[in-house]
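Chemist: The structure is given below, and queries will be raised subsequently.
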Amino acid sequence: MQVGDYVRTEISSLNIQRIGKIEKIISDDYIHTDIGTYDNEYIIKSSPNIIDLIKYGDIVKHKINGEDFISEVWGEENNYFIVVYDRAIDLGELNIVSIVTKEQFEEMEYKI
């Protein structure tokens, strides 16, 4: 891991995963991101490419031809995609604006 990489972290007691960007390496055991400070024990995955951290069930906001879309991620590891207008689009083809992890969405949703 290095400054500028993205990380998928877990908030230990809440079982909520979030994605953030490393701003500072504090020590061998701790990093500081744009969403908080984490013990390396709670880092699930890191990568310089944010797409590598997205998984099934996450929600991505993206742009296609200047138009905003919000889509759920489908597929399985190394083969994730979203569906827009009945067309499957590989994550690598997207202009991603933001991501909400499946766990964040489940924590925030209002159930009827």
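No lab work stands behind these numbers, since they all come straight from the coordinates. In this text, all values refer to a predicted model and were calculated from it rather than measured experimentally. A quick note on method: Cβ atoms are made from the backbone with ideal geometry, for glycine too, and the neighbour counts reach across all protein chains shown.
Chemist: Please list the non-local residues whose amide H lies under 5 Å from the amide H of TYR30, H modeled 1.01 Å from N, same-chain partners needing a gap of 5 or more.
Modeler: Under 5 Å from the amide H of TYR30: ASN40.
Chemist: Still on this model: For a Förster distance of 30 Å, can you work out the FRET efficiency between the beta-carbons of ASP29 and ILE112, rounded to the nearest 0.05?
Modeler: 0.10
Chemist: Among all stretches of the chain without exposed GluC sites (Glu not before Pro) (DSSP loop, at most 10 other Cβ atoms within 10 Å), which one is longest?
Modeler: 1-76
Chemist: Let me ask another. Pairs of Cα atoms under 8 Å, at least six residues apart: use those to get the relative contact order of the chain, whole percent.
Modeler: 23 percent
Chemist: Can you give the FRET efficiency for GLU77 and GLU41, using 1/(1 + (r/R0)^6), R0 = 25 Å, r = Cβ-Cβ distance, to the nearest 0.05?
Modeler: Efficiency, from the Cβ-Cβ distance: 0.65.
Chemist: Skipping prolines and chain starts, which residues have an amide H placed within reach, meaning under 5 Å, of the one on ASP58, given they are 5 or more residues away or on another chain?
Modeler: VAL73, LYS102
Chemist: 7 Å from Cα along Cα→Cβ at both PHE69 and ASN49: what's the point-to-point distance in nm?
Modeler: 2.0 nm
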